[in-house]
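Enquirer: A single structure is presented below for examination.
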Amino acid sequence: VVVIDNVSHRQLQVSLDANLRAHDGLGAIQIFPSELDAVHKEFPIFIRKHSETGQFFLSALLSPTADSNDYCTQGKWHSRYIPLMARRGPFLMSKSNNDDAIHLCIDRDDPRVLNGSERLFDDTGKLTDVADRVTRLLQMIHYGHQQPEQLMQVLTQHQLIEALTINSGLTPQQSEMLNGLYSINAEKLMQLSEPALLEL
């Protein structure tokens with residue numbers, strides 16, 4: 001993963017197809033509160049816990065197994081909305097240690113870079129429209145990562161998060177994928193006081 005600049009990468013071409021690769025997550029993908037209204041109409045949404053930090057985050061289920069995406073075939077999504085994290089392609093954002101600046105980065109080993117067709121810079125080194133769109137998308141994702149913490153704090157404070165057990169007739173691959181899912185306790189949600197609901 002390298003920081004993009006208009007000298008080293010002036011001739012670089014990428015593909016912007018949204019066909020998720022294995023390292024993108026495939027079976028499930030992180031989503032953000034800002035896109036909940038669109039996501040919940042298309043995908044099942046669960047809460048998951050980060051294996052390293054223990055922090056809760058929102059996740060859209062794309063398949064009952066970890067190595068497939070039932071909503072996308074041959075790079076074409078069969079849904080009216082594509083989650084932000086699925087649209088980022090081979091791009092990432094990195095925070096500088098020196099000045100807290102946010103830099104646009106690219107995974108040079110991603111197949112979408114090796115077989116690309118869209119340039120990020122024109123011959124003068126100016127960002128193309130493609131690069132502008134990618135930058136705006138990555139900014140939305142960057143701000144999206146800052147959104148769940150407050151939401152999860154409120155949900156935890158009111159003890160609304162509960163673990164789910166899904167085990168009826170599952171294959172071993174499905175059991176592994178559907179293990180560790182959390183949801184909102186509907187009964188407790190209905191019993192919240194008016195101030196608590198307003199806080200949510």
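Enquirer: Using a probe radius of 1.4 Å on heavy atoms only, what accessible surface per residue do you get for the chain? Whole Å² is fine.
Expert: Per-residue accessible area for the chain comes out at 60 Å².
Enquirer: Next up: When N is the residue count of the stretch 123-166, what does its C-alpha Rg come to as a fraction of 2.2 N^0.38 Å?
Expert: With N residues counted in the stretch 123-166, Rg over 2.2 N^0.38 Å equals 2.01.
Enquirer: So, in nm, how far is label Asp100 from label Thr124 when the simple model puts each one 7 Å beyond its Cα toward the Cβ?
Expert: Spacing of the two 7 Å Cα→Cβ label points: 3.4 nm.
Enquirer: Related question: Nearest 10 degrees, 0 to 90: what angle lies between the long axis of helix 129-144 and the longest principal axis of the chain (Cα atoms)?
Expert: Taking Cα atoms only, the helix is inclined about 30 degrees.
Enquirer: Applying 1/(1 + (r/R0)^6) with R0 = 45 Å to the Cβ-Cβ distance of Ser117 and Leu192, what FRET efficiency is obtained, to the nearest 0.05?
Expert: Using R0 = 45 Å, I get an efficiency of 0.30.
Enquirer: Still on this structure: How far, in nm, would the chain grow between Leu200 and Ile184 when pulled straight, counting 0.36 nm per residue and subtracting the alpha carbon separation?
Expert: 4.5 nm
Enquirer: Let me ask you something else. Quick check for you: which residues of the stretch 67-101 have the amide N under 16 Å from the point 7 Å beyond the Cα of Ile166 toward its beta carbon?
Expert: Within reach of a label on Ile166: 67-71.
Enquirer: Where does helix 148-157 land angle-wise versus the long Cα axis of the chain, in degrees 0 to 90, nearest 10?
Expert: Here the helix axis deviates by roughly 10 degrees.
Enquirer: I've got another one for you. How far apart, in nm, are the 7 Å Cα→Cβ label points at Arg133 and Glu149?
Expert: Computed distance between label sites Arg133 and Glu149 equals 3.2 nm.
Enquirer: Over the chain, with a Gaussian network built from C-alpha contacts below 10 Å, which listed residue (Leu151, Leu26, Leu16) shows the highest mean-square fluctuation?
Expert: Leu151
Enquirer: How much length would be gained if the chain were fully extended between Glu176 and Asp67, taking 0.36 nm per residue of separation minus their Cα-Cα distance, in nm to one decimal?
Expert: Length difference between fully extended and current span is 38.1 nm.
Enquirer: If you don't mind, there's one more thing I want to ask. Starting from the 7 Å offset along Cα-to-Cβ, what nm value, one decimal, do you get for the label separation of Asp109 and Ser34?
Expert: Simple spin-label model gives 3.0 nm for this pair.
Enquirer: Multiply the residue gap between Gln74 and Asp5 by 0.36 nm, knock off their C-alpha separation, and tell me the result in nm, one decimal place.
Expert: The Gln74-Asp5 span can extend by a further 21.8 nm.
Enquirer: Taking the chain as the region of interest, what is the percent of Cα-Cα pairs per 5 angstrom bin, listed from the shortest bin to the one with the maximum distance?
Expert: 1, 6, 13, 16, 17, 15, 12, 9, 5, 3, 2, 0, 0
Enquirer: Let me ask something else. On the accessible surface of the chain, probed at 1.4 Å, how many percent belong to carbon and sulfur atoms?
Expert: Using a 1.4 Å probe with all protein chains present, the chain comes out at 48 percent carbon and sulfur.
Enquirer: Placing unit charges on C-beta atoms (Lys and Arg positive, Asp and Glu negative, everything else neutral), compute the dipole magnitude of the stretch 106-179 about its Cα centre in debye, rounded to 20.
Expert: Dipole about the Cα centre, nearest 20: 100 debye.
Enquirer: Of Leu151, Ser15, Ser193, which is farthest along the charge dipole of the chain in the positive direction, counting Lys and Arg as +1 and Asp and Glu as -1 at C-beta?
Expert: Ser15
The values are calculated or read from the model by the stated rules, or taken from the named source; none is laboratory data. What you see is a predicted model; the values in this text were computed from it and never measured. Don't worry about glycine lacking a Cβ; one is built from the backbone with ideal geometry, like all the others, and counts go over all protein chains shown. Side chains included, ligands, DNA and RNA excluded: accessible areas come from the protein's heavy atoms. Shrake-Rupley method; radii C 1.70, N 1.55, O 1.52, S 1.80 Å.
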